[in-house]
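This report refers to the structure that appears directly beneath it.
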Amino acid sequence: MPIAKSLPYQSRPNTVANALREAIVSSELKPGERLIELQLASHFRIGQPTIREALRELEYQGLVRRTPNRGTYVIELNAHDLRKIHEVRIALEPIAFELAANNMSQEAAEELGEIVDAMEESARKVDRVGFHSQDVEFHRKIWRLSGNEYIEMALERFVFALFAFVLSKQGRADFLESVDQHRKNLAALKTRNPEKARRIYLETTEGFWQKHYPIELCSD
C-alpha cells in the first residue's frame, strides 16, 4: 500500500482521514478501490475503531462510500452523479457568494488572496494535494463569510469529492485556468456587490464546467 505511514505519535482519526484523503486526491487510491479496515489498521499501526472513525469522516465528505455487507470503497463519480451534485451546488453556493460579498472585509480579502496565490504555486508544480487543500479552503472561507452555517454544512458534504474528481482529470494548464477563475471570483467579492458576486460566480463556474465536463447545470 503506497499511503504514507508516518503519523504523529498521538494520531487521531482526522490525521488518518487526512492521509487517506491525500492518497485519494493524488490517485494513490483509485476510484472504486476497496478500503479494508484490518489492512488499514495494520498499515497505520493503529486500532480499527480509529480507522472506522476516519472512514466515517471521509464518507461524510463524499470521498468514500460504505455499502452494507460489501465494504467501503473510494467514490466513483459518473455523469449522473456530477449532474446531481451540481443541482445542489449551483442552488446553494451562489447564495453563499452573495452573503459573503456583504460581509467582505479587507482582512478576509487578503486571506483569500493568499489562498489563491498558494493555489497558483501548487498549480505550477502540479501539486494535486496542495491544490485541492487550497481550493477547498478558498470555498470554505467564503461559506464561513456567508454567516449561514447551514449552507456551509451542506456544501461541505460533497465538495471534497467533486474537487477531487476534477483534479484527477486535469493537468497544469487546467489548474492555472482554475486559478484565474478564482481570481475573478475574488475580484467580484471585493466589490461588496452581492449581485455581481453571484453573477461572476455563475459565469466562471458554468463556463469552466461546460468546457471540461459538458453537463446541463441548473442555475435559474
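The values are calculated or read from the model by the stated rules, or taken from the named source; none is laboratory data. Note that the structure is a prediction, hence the values are computed from the model and not measured. Cβ: placed from backbone, ideal geometry, glycine included. Neighbour counts: every protein chain shown.
Kindly provide the set of residues from the stretch 52-73 that are in a loop (DSSP other than H, G, I, E, B), more than 16 Å from Ala164 (Cβ to Cβ) and of a type in the set (S, T, N, Q), ordered by number.
Once the filter is applied, which keeps residues that are in a loop (DSSP other than H, G, I, E, B), more than 16 Å from Ala164 (Cβ to Cβ) and of a type in the set (S, T, N, Q), the stretch 52-73 yields only Asn69.
Could you list, ordered by first residue, the pairs with Cβ atoms under 7 Å in which the first is in the stretch 165-176 and under 18 Å from Arg21 (Cβ atoms) and the second is surrounded by 11 or more Cβ atoms within 10 Å (Cβ to Cβ) and at pLDDT 80 or above, at least 6 apart or interchain?
Phe165/Leu77; Leu167/Val25; Leu167/Arg128; Leu167/Phe131; Leu167/His132; Ser168/Ser27
(1) outside the structural domain of Glu37 (by TED's automatic domain parsing); (2) in contact (Cβ under 8 Å) with a residue 12 or more places away in the chain; (3) among the aliphatic types (A, V, I, L, M): which one isn't true of Leu58, the others all being true?
Answer for Leu58: the failing condition is (1).
Would you confirm, using the coordinates I've provided, whether Leu145 is crowded, with 21+ Cβ neighbours inside 10 Å and within 12 Å of Phe97 (Cα to Cα)? Even if it seems obvious, please write down each step before you answer.
Details: crowded, with 21+ Cβ neighbours inside 10 Å: yes; within 12 Å of Phe97 (Cα to Cα): yes.
The answer is yes for Leu145.
I want to confirm something. Restricting to the stretch 37-53 and keeping residues that are of a type outside the set (Ser, Thr, Tyr) and touching a Ser or Thr at 6+ places or on another chain (Cβ under 8 Å), which single residue is surrounded by the most Cβ atoms within 10 Å (Cβ to Cβ)?
Result: Phe44.
When Phe44 is evaluated against the numbered criteria (1) aromatic (Phe, Trp, Tyr); (2) under 22 Å from Ala154 (Cα atoms); (3) more than 23 Å from the chain's Cα centre (by Cα), which criterion, by number, is the only one it fails?
Failed condition: (2).
Please tell me if Arg144 is farther than 23 Å from Arg83 by Cβ, assigned to a helix (DSSP H, G or I) and in the same structural domain as Leu112 (by TED's automatic domain parsing).
Yes; evaluated as a whole, the condition is true for this residue.
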